[in-house]
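The values are calculated or read from the model by the stated rules, or taken from the named source; none is laboratory data. Because the structure is a prediction, the values reported are computed rather than measured. Ideal geometry is used to build each Cβ from the backbone, glycine not excepted, and the neighbour counts take in all protein chains shown.
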Amino acid sequence: MSGVSHTHRDSKPYQTASVAQNVNITGKVVDEKGVGMPGVTVMVKGTSIGTATNTEGDFTLSAPPDAKTLVVSFISYLTQEIPIDKRSTINVRLTPDAKALDEVVVVGYGVQKRANLTGSVGTVSADVLTQRPAPNAANLMQGRITGLQVTQPSAEPGRDNPNFLIRGRGSFGGSTEPLVLIDGVTGSFNNLSPDDIENVTVLKDAASASIYGARAANGVILVTTKKGDKGTPTVSYRLNVARHTPTALPDLITNSAEYMQMYNLAAARSGIAFRYPLEEIEKYRNATDRNQYPNFDNIDYYINPATVTNHSLAISGGGDKSTYNMSIGYLDQNAMIPGYKFKRYNALLNYSADISQYVTVGTSMNLTHKDRKEPPFTGEGMALSIYAAGPLYGPFLPDGSGRIVSRAYQLEGRNRNPQEYYAMGNQRTKEYNLNGQAYIDIKPFKGVTWSSKVAVNYVDEFYKMHQQPYKAYLLQEKDTQTGDNKMFTFGPDVLGVTDQYSKAITPTVYSTITYDTEIGKNHTIKALAGYEQISYRFQGLRGRRINTAAPVLSELQGYTAENQSLFFNHPRLPGLAGPSEWALQSVFGRINYDFKGKYLLEANVRYDGTSRVSPGYRWGAFPSVSAGWLVSEENFFRNQFDWISLMKVRASYGTLGNSNISTYAYQDILALNVYYPFGNTALQQGGVVNELRDKSIRWESTSIANVGLDMSIRNRLLGVSIDWFKKTSYDILASQPVPLSLGLSSPTQNVGKLRNTGIEIELTHQNKIGEVTYGANVLVSSARNEVLHIAVPSKGTSIREIGLPYDAHHLYEWDGIFQVEDINNPNVPRHVLNPSPKPGDLKMKDQNGDGVVDANDRIVVDGAYPDYTYSFGFNVGYKGFNLNVFFQGVEGLKARVNNWGVDPFMQGTAPTTKWRNAWTPENPTNTLPALYIAGYPGVANYGGSTYYLQDASYLRLKNLILSYDIPTTLASRIRSKGLSVYVSVDNPFTWTDYEGGDPERASMSGNFSQYPQAKIYNAGFNVRF
């Protein structure tokens, strides 16, 4: 009978099948405790005939008469194949997947079973990270772990290093960056190839991070690189080819005649003398030669798609006594703006060997070379120059000579034409990084492991800026003597060649002894004790020469010593810190106690000494304690809630330190750039102390209280993790005022206190129905910031005051536009910063009702920190096809941005198209002021107002990837062990109210212009042999 299907109670057949002469098979599936399991997949092997168990674990299916085997599967349980053997009743007991149950997590100086964790720890695997094609591995962490806020400043090649913030801002005097360790020692996340990463662990609370003591106040990120496995050698190769395009760009006016008319209106209002003559406007309006009178779109010309390729080749394997993993990687990244080229070369070697039954030795070598070529302006500098160019001219004169245009008219208020930067010169940075480690593990007795490691992280960087004179010309003005275009240019910023060398070396040595034992059947104890010593040394040198007979030369030796300089500084050059060194010496320990697998206790302590503070204050202890209760292991709970596989309640409290402060904060520093004519003789160099130093300063400290709940339903069918934390940072370094009569600058003291409180929620779901696997996850995090003590409160466009978030927005509230009837109206408040307003100027709200808008009317505005961050996604797999969709977002963040792209005619920047609706007497809008030139007091004087505040909240489709695993029968034809192909896209859609650009920014205040974020269209394959 075709079209008939059979069910039993709540069972759900997957398809209708013929049942002529079929055999009805019934049965029950139970777990290791004998409890019926709903939702278990029961399939006839080799067919699509199957069903799922009902709420009691029962199933019924109709099998063909030649069926030989049932396949029974459920998430987190071992799949079983059961012979039918002509039976009509088959009962099955599933066994939990020990690998899933015994999943271990990397923690400080070791690993722990996830089920035994009592601290707040987040992890992400390589499989998840490599779903996205981003060039920088650190950016792949965005949205993957609760409590970790990852902000990518831009997609600028080689300058896309993200900002990490764990559980809110923890300092306003020292660093807020977390400690990043690569295989246990200091290293750079940004330098790694994504394909070399095995997993990443984030330690968020004191219980998990206090083992790192004075370096852990801002959290710890542990990156583990891939190791080899025993067995036949495996060769794997991955190729990604990506196309980067901007996520969002401002919509600027590109019609030259319209631009010139709007400028004239703005100039008249702003008191700017220069105007475009009407006859010139008409030439652009009615032009037949658009090369001479263009409507030039600089954004379209200079910002275009870029190709990025990424190669990774790895060989791994091992024998009975050794394992190895070797890989090389190559990233070739072009830029969406011309003049950039970034290349990264990676090499990794992980090797371990069992010298005997008791001794294992190994090494890890991670090498990175980065080569970054750039224009002399980078980041927002190049973006703002493109915005500022305006539509009146293109990059070159239209005569075909290749000569560069500087502007159309000499008296225009312009920045350089972007093309001038390419003629001016370029800059290049080469970095070499070695993270080398060697270790030995000795197991002299049962349960005892002695591990020692020596490591060095070495960074060698060479930087060169080369700028030369160049010529540029006015498009519309001729030289009266030659009849040729008039030459006009600003010239180079940093003429000549500037070379910079810097080296940093961080040696690390540590040794630990671990003892793991069981006492009777109920007590498990694991103890760790260790010693660590770290040092750091940095030195650099910068030299500049400017005189040469051949400015095209880019080597210092091609220039004369005349007017040469050392340590020359300029805003276009990167920062160059002075020589510095510090050291850290530590002893530490941890003890874990497990009673009956139900009651967990952990204690950590680290005793650190650092050279960064004076000898009398440099040692301190950082303890933590945590406890966990596996409620699901209690008999009373299992009997009542057998569907809850795991429920763990945990709590922790401890203290961490932040020793990442100024290297010489406590020492008197002599300034040697002073001279005095003793006895009216020649000037003599001397030294003077200009700063008052507090000899008693110490590192900043942070205490963290954490309460958490972990729950798994039906063996990870649904997972829930909830954490609440209170993080209090104290002894924060801040400047303390002193009388001017002292003649010394203010000292830095431990006088600040800050608190962050928040909640983190993670929900996961994973299931399998027949041949379909699917899952979903949701992550939500919040962190509320509050100043508890600050020695010197301050109020400006941001505010630092007790009871408020640190650097909260402190702004005038924009209240519309001055209308004609508002002028000289006694009912309209007087504006102190604009005492003689014009119709069309910004109007502010009088908060206290005293009839005057002054500094007392500024208010605290939310948005300096997000209300919460979140991400969610789902995945589905079927017969080799896999689809993963990942969303990420930020809510409640506000950015105060201005200048290029916001203020019309900032250095000539064309207004955005919305300025067609600017205020006029005929269009008395309250949404936009009258057209103005940037800097006009009727607007600029209220730069610290909500008029410039944009909602930077967003929801982004972060990644979508579709992959297909080629069937083994086909892959084997090329002798492949596995072949997969995939296509993906990053950032294809962003939902936001932020205007004219991407809301993800490095800073929530300052210039609007920035190098754009990227949409990434990617295709690739991964093959193994």
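When 561, 577, 529 are screened for being small (Gly, Ala, Ser), within 30 Å of residue 116 (Cβ to Cβ) and either touching a strand residue (DSSP E or B) at 6+ places or on another chain (Cβ under 7 Å) or exposed (fewer than 12 other Cβ atoms within 10 Å of the Cβ) (or both), only 529 passes. Taken as a whole, the condition of being free of Cβ contacts under 8 Å to residues at least 60 places away in the same chain, in contact with a Ser or Thr (Cβ under 6 Å, 6 or more places away or on another chain), farther than 17 Å from residue 494 by Cβ and of a type in the set (Asp, Glu) does not apply to residue 602.
Among the conditions (1) out of contact with any strand residue (DSSP E or B) (no Cβ under 8 Å at 6 or more places or on another chain); (2) in contact (Cβ under 8 Å) with a residue 24 or more places away in the chain, residue 356 misses just one, which is (2).
Scanning region 538-558 for residues that are surrounded by 15 or more Cβ atoms within 10 Å (Cβ to Cβ) and of a type in the set (Val, Ile, Thr), which turns out nearest to residue 505 (Cα to Cα)? Spell out how you get there, then give the answer.
If we filter region 538-558 for residues that are surrounded by 15 or more Cβ atoms within 10 Å (Cβ to Cβ), which is where we start, we get 538, 540, 542-546, 548, 551, 553-554, 556, 558.
Filter once more, keeping what is of a type in the set (Val, Ile, Thr): 546, 548.
On the way: 546: 32, 548: 36 Å.
Per the stated criteria, the residue is 546.
Among residues of region 130-174 being under 8 Å from the mean Cα position of the chain (by Cα) and hydrophobic (A, V, I, L, M, F, W, C), the one that is surrounded by the fewest Cβ atoms within 10 Å (Cβ to Cβ) is 150.
Give the number of residues within region 544-589 that are part of a strand (DSSP E or B), more than 30 Å from residue 621 (Cα to Cα) and among the small types (Gly, Ala, Ser). So that I can check it myself, show each step before the final result.
First, pick out the residues of region 544-589 that are part of a strand (DSSP E or B): 544-545, 565-566, 580-589.
With more than 30 Å from residue 621 (Cα to Cα) added as a condition, the list becomes 544-545, 565-566.
Next, from what is left, pick out any that are among the small types (Gly, Ala, Ser): 565.
Within region 544-589, residues that are part of a strand (DSSP E or B), more than 30 Å from residue 621 (Cα to Cα) and among the small types (Gly, Ala, Ser) number 1.
A residue that is under 30 Å from residue 39 (Cβ atoms), among the aliphatic types (A, V, I, L, M) and touching a strand residue (DSSP E or B) at 6+ places or on another chain (Cβ under 7 Å) cannot be found anywhere in region 740-758.
Residues of region 38-83 being small (Gly, Ala, Ser) and part of a strand (DSSP E or B), which ones?
Step one: of region 38-83, the residues small (Gly, Ala, Ser) are 39, 46, 48, 50, 52, 57, 62-63, 67, 73, 76.
50, 52, 62, 63, 73, listed by residue number.
Pairing residues of region 582-595 that are touching a residue at least 60 places away in the same chain (Cβ under 8 Å) with residues that are outside any strand (DSSP E or B) and β-branched (Val, Ile, Thr), at Cβ distances under 6 Å and at least 6 apart in sequence or on separate chains, gives 582/663; 588/211; 590/211. The residue of region 974-1000 that is farthest from residue 904 (Cα to Cα), among those that are buried (at least 22 other Cβ atoms within 10 Å of the Cβ) and not small (Gly, Ala, Ser), is 986.
Among the strands (runs of 3 or more DSSP E) confined wholly to region 98-206, which include 1 or more residues that are farther than 20 Å from residue 999 by Cα?
Values: elements: 104-107, 110-113, 121-125, 148-151, 163-166, 179-182, 197-203.
Passing ranges, in order: 104-107, 110-113, 121-125, 163-166, 179-182, 197-203.
Could you check, for region 421-440, whether at least one of its residues is touching an Asp or Glu at 6+ places or on another chain (Cβ under 9 Å) and assigned to a loop (DSSP other than H, G, I, E, B)? No, every residue in region 421-440 fails to be touching an Asp or Glu at 6+ places or on another chain (Cβ under 9 Å) and assigned to a loop (DSSP other than H, G, I, E, B).
Residues in region 975-1025 that are touching a helix residue (DSSP H, G or I) at 6+ places or on another chain (Cβ under 9 Å) and of a type in the set (Val, Ile, Thr): 1023 only. Taken over region 508-544, the criterion of being in contact with a Ser or Thr (Cβ under 6 Å, 6 or more places away or on another chain) and not hydrophobic (A, V, I, L, M, F, W, C) is satisfied by 511, 512, 514, 518, 530, 531, 532, 536, 540, 544. The residue list 613, 605 contains one member that is at pLDDT 95 or above, surrounded by 18 or more Cβ atoms within 10 Å (Cβ to Cβ) and hydrophobic (A, V, I, L, M, F, W, C), which is 605. Within the bounds of region 828-849, is there any residue that is in a loop (DSSP other than H, G, I, E, B), out of contact with any helix residue (DSSP H, G or I) (no Cβ under 9 Å at 6 or more places or on another chain) and in contact (Cβ under 8 Å) with a residue 12 or more places away in the chain? No: zero hits.
If we only count helices (runs of 4 or more DSSP H) wholly inside region 238-356, which ones have 3 or more residues that are surrounded by fewer than 18 Cβ atoms within 10 Å (Cβ to Cβ) and of a type in the set (D, E, K, R)? Lay out the reasoning, then the answer.
On the way: elements: 256-270, 278-285, 298-302.
Here the list reads 278-285.
Here residue 212 clears all of (1) modelled with pLDDT under 95; (2) crowded, with 24+ Cβ neighbours inside 10 Å; (3) in contact with a Gly (Cβ under 9 Å, 6 or more places away or on another chain) except the condition numbered (1).
Under the condition of being over 20 Å from residue 791 (Cβ atoms) and in contact with a Phe, Trp or Tyr (Cβ under 7 Å, 6 or more places away or on another chain), the residues counted in region 737-756 number 0.
If you check residue 477 against the conditions, is it acidic (Asp, Glu) and buried (at least 20 other Cβ atoms within 10 Å of the Cβ)?
Numbers: acidic (Asp, Glu): yes; buried (at least 20 other Cβ atoms within 10 Å of the Cβ): no.
Judged against the criteria, residue 477 is not a match.
Of the set (1) closer than 30 Å to residue 835 by Cβ; (2) within 25 Å of the chain's Cα centre (by Cα), all apply to residue 885 but (1). Is one or more of the residues making up region 488-495 within 28 Å of residue 550 (Cα to Cα), touching a His at 6+ places or on another chain (Cβ under 9 Å) and surrounded by 15 or more Cβ atoms within 10 Å (Cβ to Cβ)? Checked region 488-495: at least one residue is within 28 Å of residue 550 (Cα to Cα), touching a His at 6+ places or on another chain (Cβ under 9 Å) and surrounded by 15 or more Cβ atoms within 10 Å (Cβ to Cβ).
Within region 791-817, the set of residues being in contact (Cβ under 8 Å) with a residue 60 or more places away in the chain and among the hydrophobic types (A, V, I, L, M, F, W, C) comprises 799, 811, 814, 817.
Of everything in region 19-72, what is within 46 Å of the chain's Cα centre (by Cα), acidic (Asp, Glu) and surrounded by fewer than 18 Cβ atoms within 10 Å (Cβ to Cβ)? Give them in sequence order. 32 - this is the single residue of region 19-72 that is within 46 Å of the chain's Cα centre (by Cα), acidic (Asp, Glu) and surrounded by fewer than 18 Cβ atoms within 10 Å (Cβ to Cβ). Residues that are closer than 23 Å to residue 495 by Cβ and small (Gly, Ala, Ser) were ranked within region 364-388; the one that is surrounded by the most Cβ atoms within 10 Å (Cβ to Cβ) is 385. The number of residues in region 126-154 that are under 20 Å from residue 981 (Cα atoms) and among the hydroxyl-bearing types (Ser, Thr, Tyr) comes to 1. Within region 840-850, not a single residue is crowded, with 18+ Cβ neighbours inside 10 Å, under 27 Å from the mean Cα position of the chain (by Cα) and under 30 Å from residue 803 (Cα atoms). Restricting the search to strands (runs of 3 or more DSSP E) fully inside region 623-702 and requiring at least 1 residues that are surrounded by 15 or more Cβ atoms within 10 Å (Cβ to Cβ) and either of a type in the set (Phe, Trp, Tyr) or within 30 Å of the chain's Cα centre (by Cα) (or both) gives 644-658. If the condition is being of a type in the set (Gly, Ala, Ser) and either more than 22 Å from residue 121 (Cβ to Cβ) or in the same structural domain as residue 204 (by TED's automatic domain parsing) (or both), then region 632-673 contributes 659, 662, 665, 671.
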